[in-house]
1. Would you please list the contacts, defined by Cβ atoms under 9 Å and residues six or more apart or on different chains, that run from a residue in the stretch 39-60 that is closer than 14 Å to Ile81 by Cα and free of Cβ contacts under 8 Å to residues at least 60 places away in the same chain to a residue that is crowded, with 17+ Cβ neighbours inside 10 Å and of a type in the set (D, E, K, R)?
2. Say we look at the stretch 71-84 and pick out the residues that are part of a strand (DSSP E or B) and more than 20 Å from Tyr149 (Cβ to Cβ); which of these is least open to solvent (accessible area, probe 1.4 Å)?
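The values are calculated or read from the model by the stated rules, or taken from the named source; none is laboratory data. Keep in mind the model is a prediction, meaning the values are calculated, not measured. So basically every Cβ, Gly included, is an ideal-geometry build from the backbone, and we count neighbours across all protein chains shown. Just the protein is used for accessible areas: all its heavy atoms, side chains included, with ligands, DNA and RNA removed. Shrake-Rupley method; radii C 1.70, N 1.55, O 1.52, S 1.80 Å.
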Amino acid sequence: MSKRRLWLLPLVMLLASCTTDPTMKDTAALPAGTGIMVANVLVTSVGGVAYPPLSIKVDKLHGMSMSTTLKLPKPNNLIVIELPAGDYSWTTLELGTHGGGATMSYRMPFTIEPGKINYVGDLLLTLNNYYRPNGSPTYRFRIADQSSYWLPIVAKYYPEMSHAYPTVVHLTEDQRPMNQIR
């Protein structure tokens, strides 16, 4: 391997560590002080907008921690991940190579309780066929409670976890000012 390509390896490893697989292994042994976040991100399109590569970030509101970036490879994305207990917020939505999250920052909080399965809601994202000057589609989103649908699915695919930990519903709060809801 050439020296020129060798320097890329640490860079690729660093970038790969910044994203999180939106599903975790079924386990009955969570580390102390952590909980399980369950959410679904459903992406729909109006006017034939092609599905771009998407990701969304989750930030812990208090304390020093890195954002957790969740890749959304398909229109319907069930997210089951382990997070340290605390208050979080959906922050930045990235559409393809365009960032679009400035209006979302710290306006959509939710809580993760330790030792519990925390359903935080469904984030319903609609891509519109109106485009911004930078080429990204406009979008709107809302939060829905579809826990009666998703929690049985989580119990089916994560039986050890579901038997070991209680489930709580902590819906994401939409605290955006009315003029920013799109």
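1. Between residues of the stretch 39-60 that are closer than 14 Å to Ile81 by Cα and free of Cβ contacts under 8 Å to residues at least 60 places away in the same chain and residues that are crowded, with 17+ Cβ neighbours inside 10 Å and of a type in the set (D, E, K, R), the close pairs are Lys57/Glu94.
2. Leu83
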